[in-house]
Amino acid sequence: MTSNFLMRECRRTARNLQRFLDRDPSAPLSEDDRRRVEAHLKECEKCRTLSEEFQALHSSLSDLGSTLAPSDEAVDRVKAALDRALQAETGQP
Amino acid sequence: MGERHNGQVQPSDASPMSDAARREAFARHVEPEIPVLLRVARTLTGSAADAEDLVQETLIRAYRAMDQFDGAHPRAWLLTILRNTGSNLRRRTRPDLVEDWNALADPKPAFGAERPETPQDAVLVDVLDEELERAINALDARFRAVLVMVDVHGLSYAECAEALGIPVGTVMSRLSRARDRMRKHLKATGRLS
């Protein structure tokens with residue numbers, strides 16, 4: 001395998017890596033692109049490291065999300081305020 | 001139910017919903033989304049109290065517009081109402097901050113450019129790994145909003161696009177740049193090995 005081919009695949013992988021990792025339904029990769037990224041990650045240590053770093057970053061940010069969930073009290077306050085506002089508007093309990 | 005109108009409250013030709021049907025639809029489609037709305041509102045407003053006010057106003061508008069909701073994608077519908085409501089509330093109550101709010105949807109952010117800190121720039125992360133916090137705060141507000149909504153709060157690209165009023169492609173490009181910045185920052189400080 002030539003280094004030119006490898007560099008081309010590295011660029012292609014870098015372009016598609018976020019979509020490959022996210023699997024977001026709004027922007028799916030084609031099956032062909034998905035297979036190419038998978039194959040390239042198996043053979044290229046540099047891109048594999050990059051992929052692992054993005055996964056670690058996502059995992060840290062996602063963990064952070066669980067600590068930032070709104071409290072049950074906040075949800076209850078919003079519901080109670082909504083009930084009061086609608087009651088005042090409609091005159092119905 | 002009537003047609004979906006991108007979260008705008010518009011008059012409907014359909015016969016009005018009964019109160020019971022409206023309450024039932026609201027409980028089924030809207031109430032389960034309140035925690036997500038609070039998270040997103042917190043990202044947009046920068047304060048827990050403002051987020052609760054914004055979500056409350058959003059829910060009132062959603063309740064009034066239940067007969068125009070088609071039953072599909074309630075989260076996306078609510079995020080659009082949230083964005084419109086936030087924009088209106090901010091214009092009415094804090095005209096000094098309207099520009100900061102609108103800047104999140106600016107199609108041409110100056111990536112990496114230094115901008116003065118504003119209340120809008122305050123990131124909504126209270127309990128955080130310090131280095132992670134520094135890296136998030138170092139991002140331009142527009143990139144930070146996308147990163148927080150997708151990676152921290154778990155919104156899809158499309159939901160984030162609805163919340164910010166920007167195309168999905170813009171979400172993807174901002175997310176990619178934000179992550180790359182974060183990765184480099186955390187790597188340089190030894191947080192990523």
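Observations on the structure shown:
- Residue-averaged beta-carbon neighbours from other chains (10 angstrom radius) around A:66-75: 6
- Sites listed here are trypsin sites (Lys or Arg not before Pro) in the range A:1-72 whose DSSP assignment is loop and whose Cβ has at most 14 other Cβ atoms within 10 Å: A:R23.
- Here the spin labels are modelled as points 7 Å beyond Cα on the Cα-Cβ line, and at A:Q55 and A:A80 they lie 4.5 nm apart.
- Using C-alpha pairs under 8 Å with a sequence gap of at least 6, the mean separation divided by the residue count of chain A gives a relative contact order of 20 percent.
- Inter-label distance for B:A49 and A:Q87, nm, one decimal - labels placed 7 Å from Cα along Cα-to-Cβ: 2.4
- Partner chain coverage, peptide B:160-168 - average Cβ within 10 angstrom: 1
- Under a model in which nothing but the beta-carbon of Lys, Arg (+1) and Asp, Glu (-1) is charged, the range B:19-97 shows a dipole of about 240 debye around its Cα centre.
- Legend: mean number of C-beta atoms from other chains within 10 angstrom of residue C-beta atoms, peptide A:80-87, equals 4.
- Neighbour net charge for B:M182 - beta-carbon separation under 13 angstrom, K R +1, D E -1: +3
- Taking label positions 7 Å along the Cα-Cβ direction at both B:E133 and A:D72, the computed distance is 2.7 nm, reported to one decimal.
- Amide H contacts of B:L192 (H built 1.01 Å from N, under 5 Å, at least 5 apart or other chain): B:K187
- Across the range B:19-97, the convex hull enclosing all Cα atoms gives 83 Å³ per residue.
Read-outs throughout are calculated quantities, based only on the coordinates presented, and are distinct from any laboratory measurement. Since the structure is predicted, the reported quantities are computational estimates derived from the model, not experimental observations. All Cβ positions, glycine included, derive from the backbone under ideal geometry; neighbour counts span all protein chains shown.
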